[in-house]
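Bear in mind these aren't lab numbers, they're just calculated from the coordinates by the rules spelled out. What you see is a predicted model; the values in this text were computed from it and never measured. Methodologically, a virtual Cβ is constructed for each residue, glycine included, from the backbone with ideal geometry; neighbour enumeration extends over all protein chains shown.
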Amino acid sequence: MERAITAVGTRHYLMCRPSYFDVVYSINPWMHPELPADSAIAVEQWEHLRAAYEAAGHEVETIAPKHGLPDMVFAANSALVLDGTALVARFHHPQRRSEERLYARWFRARGLNVRRAEHEHEGEGDFALAGDVILAGTGFRTERAAHREVQEVFGREVVTLELVDPRWYHLDTALFVLTGEQIAYYPGAFSDDSRALLGRRYPDALLVDEHDALAFACNASTDGVHVFMPAGADTLAHDLEARGFLPVIIDLSELRKAGGSVKCCTLDLHENGDEQ
């Protein structure tokens, strides 16, 4: 990496190498099976992200990819992992449901308490830990009933946010947590009521413009100092620097063909006090 970065407490991430990445179906507006996708380029870009995390002092564990599951690379969707429990996803689309047992097996082998969800949800795709609060998306992939389930399983306040634009089909495409008290988000992805709620709860939030949101700017991951973010969101990178954060830019343009980027590739295992 060009920037020398320093660890800010070790974070623990789960990732899945995109060895079998392809776009062979369309389950979001970004996916166009008629356009070519290159798994070799996807792997190279993914390795840059992994290297960036490790250069920052974080621990990256991996799950073996499986042929025929091209979206398994998007590990963030697999579960919400918190307090030693993994609430495994119940995917909305049948194309991804075979991932559930593979991730559940990995979590069990790691010694986590594995819970099978009763309601459709897609893990950190639609749940973001912000201090003691869990911000929760709904509208396209995750049922509102799953928000109540998460609140019961983890015993934390869950704040429901409604997504209304299918281009931002998961919460992690429209919002990310910087610290327990700070977030960044693209207002246009949310309903009027949810925008008002976010404005009340986070009056100092960093607002992302449409140009950067279309570059998947909000699909970012942070350790509280470094912000690992997609290339092409220059305004957001500048705004982050102005607030004292260190943007680490990663080109994941190949994976974006399937509607995912930095955060989609990264499941935070939330261990050793490394909550936002």
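Can you give the convex hull volume per residue for the Cα atoms of the chain, as a whole number of Å³? Present the calculation step by step, with values, prior to reporting the outcome.
Working: hull volume 30.6 nm³, N = 276.
Taking the convex hull of the Cα positions in the chain, it is 111 Å³ per residue.
For the chain, the Cβ-based charge dipole about the Cα centre amounts to some 820 debye (Lys, Arg positive; Asp, Glu negative; other atoms uncharged).
Taking amide H as placed 1.01 Å from N in the peptide plane, the amide H of Gln182 sits under 5 Å from none that are at least 5 places away or on another chain.
In what sequence do Ser39, Ser78, Ser194 fall when counting other Cβ within 10 Å, fewest first?
Details: Ser39 18, Ser78 28, Ser194 23.
The fewest-first ordering by Cβ neighbours comes to Ser39, Ser194, Ser78.
Note on segment 128-276: dipole from Cβ charges, positive end direction compared against Ser194, Ser253, Ala145; the farthest Cα belongs to Ala145. Spacing of the modelled spin labels on Glu54 and Arg101, each 7 Å from Cα toward Cβ, amounts to 3.2 nm. Computed per residue of the chain from DSSP H runs no shorter than four, each worth -39500 (n - 2.57), the mean residue ellipticity at 222 nm is -7000 deg cm²/dmol. Among Met31, Met72, Met229, Met15, sorting on how many other beta-carbon atoms sit within 10 Å of each Cβ, with the fewest leading, yields Met31, Met15, Met72, Met229. Distance between the 7 Å Cα→Cβ label points at Arg201 and Tyr25: 3.2 nm.
Going by how many other Cβ atoms sit within 10 Å of their own, how do Glu149, Glu271 line up, fewest first?
Lowest count first: Glu271, Glu149.
Taking 20 Å as the cut-off, the amide N atoms of segment 77-92 that come nearer than this to a point 7 Å along the Cα-to-beta-carbon line of Val133 belong to 81-83.
Placing a pseudo-label 7 Å from each Cα along the Cα-to-Cβ vector at Ala40 and Ala242 gives an inter-label distance of 4.3 nm.
Principal axis analysis of the Cα atoms in segment 56-119 yields extents of 34, 27, 19 Å, listed in decreasing size. Across the chain, the relative contact order, built from alpha-carbon pairs under 8 Å that are at least six residues apart, equals 22 percent.
Dimensions of segment 193-272 from C-alpha coordinates, computed as largest minus smallest value along each principal axis and given longest first, are 36, 36, 27 Å. With a ≥ b ≥ c the root eigenvalues of the C-alpha gyration tensor of segment 41-90, is it rounded (a/c under 1.5), prolate (a/b larger than b/c) or oblate? Oblate, since a/c reaches 1.5 and b/c is not below a/b.
For the chain, hydrophobic long helices are taken as DSSP H runs at least 18 Å long by C-alpha position along their axis with mean Kyte-Doolittle hydropathy of -1.0 or more; these are 39-55.
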